[in-house]
Amino acid sequence: MTTGPAPAPPVIRLEGVSKVYQMGRTRVAALRGVTLDVAHGEMIAIMGASGSGKSTLMNVIGCLDAPTAGRYHLDGRRVDRLSRNELADLRNRKLGFVFQGFNLLARTSALENVELPLLYDRSGRWGDTRAAAAAALALVGLGNRLAHEPSELSGGEQQRVAIARALVTRPAVLLADEPTGNLDSRTAVEIMALFQQLNDRGMTVLVVTHEPTLARFARRLIELRDGSIVSDRRVADRRRGERELRDRAAGPLVPV
């Protein structure tokens, strides 16, 4: 009897992960025994009210914070036992970050902003860092904006530069924390459409958002409450950004 190939391990695996903060004499449980698998190529929205634990979960997944208990594997490697330097190296190689505030360097061109993560990598594996940065900007539709500084770009273009910067190291996972919070409704759809395009090409994307309508651009929706996952479901009525942008161009604006 022949069997097919074994399924690929998840790119993210959390097993009973808890995070407790000590606030003076008070212990605050931000995560309570979270268990979660994320397969390669998924696009997931993480939602929850303020204080639900979604930001802490993103920080743990992003190797910015260590769990108090439980196990975390990232792309097959056990994470929760690594040293600070090992975490930094893994984070730089495996993860790309996009934030609500674009965090771009002023008076610095789009190309130089995107190139920056490669300049901090001393492994020498990137070769022509300028060419790599230009390719990342072309991927997000800014191949003709290489020399523009942030002040010369719209909010949506600045966020695209930030996304290119996150992609330039070829991460296994793209983490986006409220990436449309500073954008108008049309530009928010453009950014979510871009995430969908990247996901359609195989990129694993996790987006934290407080907007239920924006969460519908994802394939899967995870909701947190009081540090626990209370819902994990497929998005049945998924929105498609490219289609909505075409519809908006042809008629009245559709509310986000």
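Here is how the numbers come out for the structure above:
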item	result
Residue that is surrounded by the fewest Cβ atoms within 10 Å (Cβ to Cβ), among those in the stretch 155-182 that are closer than 21 Å to Gly202 by Cα and charged (D, E, K, R)	Arg170
Criterion (without any contact (Cβ under 8 Å) to a residue 24 or more places away in the chain and loosely packed, with under 11 Cβ neighbours inside 10 Å) met by exactly one of Arg130, Arg125	Arg125
Residues that are of a type in the set (Gly, Ala, Ser) and assigned to a loop (DSSP other than H, G, I, E, B), drawn from the stretch 150-176	Ser154, Ala172
Pair list, Cβ < 8 Å and 6+ apart or interchain, from the stretch 58-75 residues that are within 17 Å of Ser228 (Cα to Cα) to residues that are surrounded by fewer than 18 Cβ atoms within 10 Å (Cβ to Cβ) and of a type in the set (Asp, Glu)	Gly70/Glu15; Arg71/Glu15; Tyr72/Glu15
Enumeration of residues in the stretch 10-68 that are in a helix (DSSP H, G or I) and surrounded by fewer than 22 Cβ atoms within 10 Å (Cβ to Cβ)	Ser55, Met58, Asn59
Residues within the stretch 91-123 that are part of a loop (DSSP other than H, G, I, E, B) and either of a type in the set (A, V, I, L, M) or under 14 Å from Thr169 (Cβ atoms) (or both), tallied	7
Inter-residue pairs, beta-carbon under 8 Å, first at negative phi and in the stretch 13-24, second charged (D, E, K, R) and modelled with pLDDT of 95 or more, 6+ apart	Arg13/Asp37; Arg13/Arg71; Leu14/Asp37; Leu14/Arg71; Glu15/Arg71; Val17/Arg71; Ser18/Arg32
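The values are calculated or read from the model by the stated rules, or taken from the named source; none is laboratory data. All values reported here derive from a predicted model rather than from experimental measurement. Neighbour counts are summed over all protein chains in view; Cβ atoms, including those assigned to glycine, are modelled from backbone coordinates with ideal geometry.
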